[in-house]
1. Here is a list: Asn73, Asn58. Which entry is out of contact with any Lys or Arg (no Cβ under 8 Å at 6 or more places or on another chain), open to solvent by 80 Å² or more (accessible area, probe 1.4 Å) and in the same structural domain as Leu13 (by TED's automatic domain parsing)?
2. With (1) within 13 Å of ligand 1 (Cβ to nearest atom); (2) of a type outside the set (Gly, Ala, Ser); (3) touching a Ser or Thr at 6+ places or on another chain (Cβ under 9 Å) as the list, and Lys117 as the residue in question, which single condition is left unmet?
3. Report whether or not Lys114 is in the same structural domain as Leu8 (by TED's automatic domain parsing) and not aliphatic (A, V, I, L, M).
4. Being of a type in the set (Lys, Arg) and part of a helix (DSSP H, G or I) is the requirement here; does Lys75 meet it?
5. Return the residue satisfying two criteria in turn: it lies in region 12-50 and is of a type in the set (Ser, Thr, Tyr) and over 15 Å from Glu79 (Cα atoms), and of such residues it is most open to solvent (accessible area, probe 1.4 Å).
6. Could you check, for region 77-87, whether at least one of its residues is at pLDDT 95 or above, more than 16 Å from ligand 1 (Cβ to nearest atom) and open to solvent by 80 Å² or more (accessible area, probe 1.4 Å)?
7. Examine region 104-113 for a residue that is open to solvent by less than 70 Å² (accessible area, probe 1.4 Å) and in a strand (DSSP E or B), and state whether such a residue exists.
Amino acid sequence: MMNCTTLLKEYNLKVTPQRVAIVEELYKNGHMNIDDLYKKLLSKFPSISLATIYKNVNAMIEKVFLNEVKIPNSKSVYELVKEEHSHLVCSSCGKIEDIDLSIGSLVEEATASKNYKIQEASVVFTGLCPTCSNK
Ligand SMILES: [Zn+2]
Ligand SMILES: [Zn+2]
């Protein structure tokens, strides 16, 4: 198990029990939206509010410790920052998975065809996961 306290400190984030709990949950579950986090944290901190969780999550996004993944037609999910990757979202069960793809050629194509300086690209694929497509 990684040491959340050291990790938070490395990113110049104040260490609070709530933040440690958020990091632990994201480490365990990979991607979670704000409601999932709220439900999990409520069991440990019965008086915590949704606003507090938002505030903590946003502080951690600001320090590039967490990453917000925008999911089309659904709530954003959060994850611990790691190497750039794309996402697969199951439209049936809502499962979110990482996928490593080189999107460099896409970026090059976009740059060339529209003469845009691309700063950021995020790719989210929506479809059916193997479990759901076999039903
Ligand atoms: Zn599914
Ligand atoms: Zn991810």
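1. Residue meeting the stated conditions: Asn73.
2. Only one criterion is unmet by Lys117, namely (1).
3. no
4. Taking the combined requirement at face value, the residue does not satisfy it.
5. Ser47
6. Within region 77-87 (the criterion being at pLDDT 95 or above, more than 16 Å from ligand 1 (Cβ to nearest atom) and open to solvent by 80 Å² or more (accessible area, probe 1.4 Å)), the answer is no, since none of the residues qualifies.
7. No - not one qualifying residue is present in region 104-113.
The values are calculated or read from the model by the stated rules, or taken from the named source; none is laboratory data. In this text, all values refer to a predicted model and were calculated from it rather than measured experimentally. Counting neighbours? That spans all protein chains shown, and the Cβs are built from the backbone with ideal geometry, glycine included. Please note that ligands, DNA and RNA were not included when accessible areas were found on the heavy atoms of the full protein model with its side chains. Shrake-Rupley method; radii C 1.70, N 1.55, O 1.52, S 1.80 Å.
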